[in-house]
Amino acid sequence: MEPSEEPPRLRGGGVTTAESTQSLVRGAGTRSGTDGPAQAGPSAARGPRARNTKAYLQYVAAKIAGAAVSLFAVLVTSFFLFRLIPSDPVKQMTGGRPVSAEQLQSLRHQFGLDQPMWRQFTTYVGDALTGDFGTSFQFHAPVIDKITEALPATLLLTGTSYVLYTALGIWLGTRTAWRNGSMSDRFNTAFALTLYSVPSFWLGLLLIIVFSVGIGPIPGMFPTGGMETGGESGLAYILDVAHHLVLPVITLVAVGYAQTLLVMRSSLLDEMGSDYLTTARAKGLRDDVVRRKHAVPNAMLPTFTLMFVNLGHVVAGQILVETVFSWPGLGGLFYQALSVPDLPLVQGLFFIFATAVILANTLADVLYPLLDPRVGR
C-alpha cells in the first residue's frame, strides 16, 4: 500500500477506531472550548450525588412541614377536646363550698372563662406559640413552671426504663431469632407476649401488693409510692431515690422490653433467609460475625423506628404508671389536672406530650434515609 493511500474503512460506511478516537478528542476539545481534554465544569456538580442531596433535602423539608401542620392540629385539638368534659372548673376549684353567683362570675372573669369561645381560642393559640400556656387553676402558678418542675422526675423514671428495655429487647430479640425454634426462643417469645398483653397499671399494682405490702413469705421490701422518703441528702438521698425507683422501672421495663423483643425478633427472622447471609457464610465467616456485622444492622431498621417512637414517650411519661406509684412527674401531674379539670394545665401538658412524640417521629423520618438510602427517593 502506498503511503498516500487512504486507510481502509469499515463496512456500512463506518470509520476506523483511530478515526473515531480522533473525532471524540476533537469533539471534547470543542465542547470544553479548548484543543485539549474536556475540563470539569458546572455540569460536574449535577451528578448523582447532587441529585441525591437535593432529593434528601426535599424529603426533610416535607417532613418538617408535616410536623408543623401536626403541631398546629394538636393546638386546636387540645383546646376543644378538654372543653367537652362535663364539668365546671370554677365550681371544682371552690371545693363544693357555698359560693355566691357574684364570686363565681368573678372567678370566671379572672381566668377568662367568660369570654366568647373564639376569643379564648385565639388568645390560647397566640400565647402557646410564645411558650405561655396560662396559669393553672388549682396551683395558681404558670403552667410552664409546673411542667418544668415535674419534668426531671419523669425523665429519671422513663429515661432509665427506656435505656434498659431497649438494650434488653434488642439483645434478647437477636438471640431468640438466631436460635429460632429452640427452647429458649419459645420461652422468651411466650413470656414477652404475656408481658406485652398485660396492662402496665395492673402489673404495677401487682408488684406493689407483692413487694411493697408483702404477701405470704415475701416481705415488703420497697416503698408503695413517691420518689423519696424525705430528710435525706448526699449519697443517702441518691440511694433513697433509687430504692423508690425500682418497682416503677421494673413495670415499664417489663412491658417495653417485650415490645422491642418481638419487633427485633420478627425483623431478624425476615433477614435470615437472605442471599447475602448465605454468601457471607460461604466466605467462611463465623456465625457470630455474620449475625453481628451483616444480619443485625439490616434488621435494626424497624427497631430503629420503634426506638424513636418510644423516645417520644420518654418526655410524655407514663400517666397510669406514675399515678399508680404516686410518682411526681408529668404523668401524675396530668392526672391531677384532668380530675379538676385544670384546663390550662391539661392543655399545656397535652401539647408537650404530643410535641415530644411528633418531634421524635420526625427525627426518625429524617435519619431513616441515612440508614436505608431507598427511603426518601
Between residue 239 and residue 102, what is 0.36 nm times their sequence separation minus the Cα-Cα distance? Round to one decimal in nm.
44.1 nm
Suppose R0 equals 35 Å. What FRET efficiency, 1/(1 + (r/R0)^6) with r the Cβ-Cβ distance, do residue 371 and residue 228 give to the nearest 0.05?
0.30
Along the stretch 174-183, what does the Karplus equation 6.51 cos²θ - 1.76 cosθ + 1.60 (θ = phi - 60°) give for ³J(HN,Hα), rounded to whole Hz, x for Gly and Pro?
5, 5, 5, 5, 5, 10, 4, x, 6, 4
Where Lys and Arg each count +1 and Asp and Glu each count -1, what net charge lies around residue 347 among other residues with Cβ under 12 Å from its Cβ?
-2
Gain on full stretching of the segment that runs from residue 84 to residue 276 - 0.36 nm per residue minus C-alpha separation:
63.5 nm
With +1 on the Cβ of every Lys and Arg and -1 on the Cβ of every Asp and Glu, and nothing else charged, how large is the dipole of the stretch 107-214 about its Cα centre, in debye rounded to the nearest 20?
460 debye
For the stretch 124-136, Karplus-derived ³J(HN,Hα) couplings (6.51, -1.76, 1.60; θ = phi - 60°; whole Hz; x for glycine and proline) come out as 4, 5, x, 5, 5, 5, 9, x, 9, 9, x, 10, 5
³J(HN,Hα) across the stretch 233-247 via Karplus (A = 6.51, B = -1.76, C = 1.60, θ = phi - 60°), whole Hz, x for Gly/Pro?
8, x, 5, 4, 5, 4, 5, 5, 5, 4, 5, 6, 7, 4, 5
Putting +1 on Lys and Arg Cβ atoms and -1 on Asp and Glu Cβ atoms, find which of 315, 328, 284 reaches farthest to the positive end of the dipole of the stretch 272-342.
284
Rank these residues by their accessible area, most exposed first, probe 1.4 Å: 59, 257.
59, 257
Might you work out the accessible area of residue 196 for me, using a 1.4 Å probe with all protein chains in place, and round it to the nearest 10 Å²?
120 Å²
From the protein chains alone at 1.4 Å, what is the descending order of accessible area for 201, 308, largest first?
201, 308
Give the distance, in whole Å, between the Cα centre of the stretch 134-193 and the Cα centre of the stretch 258-273.
19 Å
Cα gyration tensor shape for the stretch 222-278, rounded if a/c is under 1.5, else prolate or oblate
prolate
Would you rank 64, 147 by solvent-accessible area, highest first, keeping every protein chain in place and using a 1.4 Å probe?
64, 147
Take the Cα of residue 298, step 7 Å along the line toward its Cβ, and report every residue of the stretch 258-288 whose backbone nitrogen sits under 14 Å from that point.
267-282
To the nearest 0.05, the calculated FRET efficiency linking residue 115 and residue 335 through their beta-carbon distance, R0 being 30 Å, is 0.60
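The values are calculated or read from the model by the stated rules, or taken from the named source; none is laboratory data. Predicted model, so just to flag it, every value in this text is computed and none were measured. Here Cβ is always computed from backbone atoms with ideal geometry, including for glycine, and neighbour counts include all displayed protein chains. Note: areas computed on protein heavy atoms with side chains; ligands, DNA, RNA excluded. Shrake-Rupley method; radii C 1.70, N 1.55, O 1.52, S 1.80 Å.
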